[in-house]
Amino acid sequence: MAKKYLFWTLTTLLILLAGYVLTSTVILPVATKNPLPEAILPNAEVKGENNAKKSEKGENIPKKNEKADKNTKKASVKVQPVPEPEETGTNSKDDLMKLFELKKTELLLRARYNLSSEDSIYLVLDLINKVATLEMKGIPLHDSNIKEVWVSNSIRMFHNDALLHWIAQPFVLKNAVATIVRVPFIVKNAPKDTIEANKSEVLPSARKTEDVYIVMNFERNLQLVIQQSEISEGENKIRVDSLRNSYVKREIDKSIKALSSLKREAVIPKIILTLPKSDAIILYRALPQKPKMVLRM
Amino acid sequence: METQDKSWFRKYAPWIIPVLIGCWIPTIVLYTPEYQNAAYGIKSWFTSTLSSKTMAVRNVDKQIQGSKANISTLQNKLNDLMPEKPYILINTTENRFVLRNSRDTIRTGMCSTGKDEILIYPNGTRKPFKTPKGLFTVQLKRKNPVWTKPDWAFIEEGLKPPSAHAAERYDEATLGAYALSIGDGYMLHGTLYQRFLGLPVTHGCVRLGDADLEVIFNTLDKGAKVFIY
């Protein structure tokens with residue numbers, strides 16, 4: 001009889017513990033919170049705008065944006081704050097969606113304009129029109145048509161205002177790993193004399209480039225994966241698979257560590273783009289070491 | 001009594017164990033960052049199935065108007081960034097150029113850019129041959145340019161570099177009919193090796209075909225923008 005009680009007690013405890021862990025680490029955070037860090041959103045108006053917008057200035061400014069003001073003083077173009085949602089109004093869903101789409105467009109344009117004051121090439125990723133553009137000083141240098149886009153559920157589940165906060169500022173690259181090198185340098189020793197120089201002279205040929213698989217980790221946890229649309233074969237396939245698998249392995253290792261320490265890791269919002277190989281190479285090689293990226297989705 | 005307990009255990013164990021495993025496996029799986037994505041998938045399914053509460057925003061109409069005005073202003077500001085004068089884009093990966101006037105394309109074609117090579121001098125100095133990327137401007141335009149050969153041009157051929165003003169340093173043929181200097185010794189110029197256009201073969205300059213070079217020389221003014229990516 002004692003064993004029976006012990007068995008039931010242990011079973012109940014284990015079920016309760018499992019329920020507690022599941023609820024506290026997965027259900028509650030997913031259901032109630034947005035686990036992704038927000039960007040700082042500037043909250044002033046575009047210079048020279050009409051007075052209609054001035055009346056709304058400051059009406060719904062979230063407190064967190066006060067800090068943002070200090071950080072974004074240098075921004076040459078500033079826009080209205082993202083509206084704080086309320087639950088009292090009776091606006092139609094269509095109007096809200098229209099406003100949401102307009103705000104996204106506005107944020108993209110503002111980010112592009114602010115980046116145009118910098119001296120480096122940046123990436124504009126428009127997932128709505130499926131175009132990846134290399135841009136500098138506000139001038140599009142190269143457009144790539146994105147063949148396929150995959151966006152993780154964690155991004156899809158963003159509340160509208162949270163998504164606007166998240167994409168408000170450009171994402172800065174933290175690190176990147178790729179199957180191709182950024183600059184394919186060849187090292188050559190200077191010939192000792194003209195005879196050696198003539199011997200070593202070879203006719204130039206087009207560069208052969210390995211298949212492309214790029215993993216770019218941006219700040220605010222965003223992971224951007226760029227893969228080529230062409231099917232990899234042979235050694236190239238092994239190289240691409242190896243990089244992909246190394247990331248899966250890293251994720252599993254992280255998960256085991258998270259589980260053993262009962263410390264939940266942050267969700268990694270992921271975007272996977274499939275581009276033609278040539279475009280993927282152009283994008284990767286044209287971007288500087290720490291490029292910025294603006295996102296529209 | 002013990003016999004009763006044992007039989008009871010035998011009776012319930014087959015379903016108690018799967019229940020425990022059933023509790024723990026989803027916990028373990030959903031605990032991991034990679035698979036939390038699945039949890040969001042489940043939530044999105046619920047939210048699309050169940051009716052969601054409509055969120056409201058104050059003065060939506062005004063905000064829509066405000067946002068439209070912002071977009072218009074920003075769009076105009078971005079349009080103002082487009083150069084009024086013609087400019088050129090150089091793609092070093094594909095070795096192609098595009099000559100543009102505002103948003104219109106004037107001419108496209110092949111070019112040759114840096115071969116991405118590092119030459120190691122006999123004294124150990126490393127000289128990279130790479131076309132720099134970024135924004136440049138045309139600083140000087142020259143017809144029938146004479147190339148003053150730098151040291152690496154001799155070292156690469158197995159020769160000893162002559163003195164600074166030696167006659168061997170001056171080459172009237174290599175740069176073609178025109179040259180547009182973009183600073184730091186880099187130029188857009190012609191070439192004797194037209195067959196290599198489209199290949200990365202230069203020491204950092206941008207080589208162009210004769211016909212393309214003439215159009216570019218006549219189209220781009222001093223101060224024109226040169227974007228290399």
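Is it true that B:Ala179 is without any contact (Cβ under 8 Å) to a residue 60 or more places away in the chain and surrounded by 14 or more Cβ atoms within 10 Å (Cβ to Cβ)?
yes
Does the range A:158-192 hold any residues that are within 12 Å of chain B (Cβ to nearest Cβ), assigned to a strand (DSSP E or B) and surrounded by 13 or more Cβ atoms within 10 Å (Cβ to Cβ), and which are they?
The answer is A:Lys188, and nothing else.
If you take the residues in the range B:187-203 that are buried (at least 20 other Cβ atoms within 10 Å of the Cβ) and outside any loop (DSSP other than H, G, I, E, B), which one is nearest to the other protein chains (Cβ to nearest Cβ)?
Step by step, filter the range B:187-203, then rank; the result is B:Thr202.
Mind checking which residues of the range B:129-183 are touching a Gly at 6+ places or on another chain (Cβ under 8 Å), among the hydrophobic types (A, V, I, L, M, F, W, C) and assigned to a loop (DSSP other than H, G, I, E, B)?
B:Val138, B:Leu175, B:Ala177, listed by residue number.
Can you tell me how many residues in the range B:113-123 are surrounded by 15 or more Cβ atoms within 10 Å (Cβ to Cβ) and more than 9 Å from chain A (Cβ to nearest Cβ)?
2
Restricting attention to the range B:150-173, does a residue exist that is within 14 Å of chain A (Cβ to nearest Cβ), touching a Leu at 6+ places or on another chain (Cβ under 8 Å) and under 17 Å from B:Gly109 (Cα atoms)?
For the range B:150-173, residues within 14 Å of chain A (Cβ to nearest Cβ), touching a Leu at 6+ places or on another chain (Cβ under 8 Å) and under 17 Å from B:Gly109 (Cα atoms): absent.
For the range A:101-118, enumerate the residues that are more than 7 Å from every other protein chain (Cβ to nearest Cβ) and either surrounded by fewer than 17 Cβ atoms within 10 Å (Cβ to Cβ) or assigned to a loop (DSSP other than H, G, I, E, B) (or both).
A:Glu101, A:Ser117, A:Glu118
Restricting the search to the range B:208-229, which residues are touching a Gly at 6+ places or on another chain (Cβ under 7 Å) and either of a type in the set (Val, Ile, Thr) or not in a loop (DSSP other than H, G, I, E, B) (or both)?
Of everything in the range B:208-229, those that are touching a Gly at 6+ places or on another chain (Cβ under 7 Å) and either of a type in the set (Val, Ile, Thr) or not in a loop (DSSP other than H, G, I, E, B) (or both) turn out to be B:Leu208, B:Asp210, B:Asp212, B:Leu213, B:Ile228.
Criterion first (more than 7 Å from chain A (Cβ to nearest Cβ) and farther than 30 Å from B:Ala224 by Cβ) does B:Arg126 satisfy it?
yes
Among B:Lys141, B:Lys127, which is the only one that is basic (Lys, Arg), touching a helix residue (DSSP H, G or I) at 6+ places or on another chain (Cβ under 9 Å) and without any contact (Cβ under 8 Å) to a residue 60 or more places away in the chain?
B:Lys127
Just to be sure I understand, how many residues within the range B:189-219 are within 17 Å of B:Gln139 (Cβ to Cβ) and either touching a Pro at 6+ places or on another chain (Cβ under 6 Å) or among the charged types (D, E, K, R) (or both)?
The number of residues fulfilling the criteria is 1.
Just to be sure I understand, how many residues within the range A:199-256 are in contact (Cβ under 8 Å) with a residue 12 or more places away in the chain, more than 10 Å from chain B (Cβ to nearest Cβ) and part of a loop (DSSP other than H, G, I, E, B)?
Of the residues in the range A:199-256, 9 are in contact (Cβ under 8 Å) with a residue 12 or more places away in the chain, more than 10 Å from chain B (Cβ to nearest Cβ) and part of a loop (DSSP other than H, G, I, E, B).
Given the criterion among the hydrophobic types (A, V, I, L, M, F, W, C) and surrounded by 16 or more Cβ atoms within 10 Å (Cβ to Cβ), identify the matching residue among A:Ile195, A:Ile226, A:Ile231.
Checking each option against the conditions leaves just A:Ile226.
Please enumerate the residues belonging to the range A:136-157 that are assigned to a strand (DSSP E or B) and under 17 Å from the mean Cα position of the chain (by Cα).
Scanning the range A:136-157 gives A:Glu148, A:Val149, A:Trp150, A:Val151.
Here, each number is a calculation from the coordinates, and none is a lab measurement. These figures come from a predicted structure and were not determined experimentally. We place every Cβ from the backbone using ideal geometry, glycine too, and count neighbours over all the protein chains shown.
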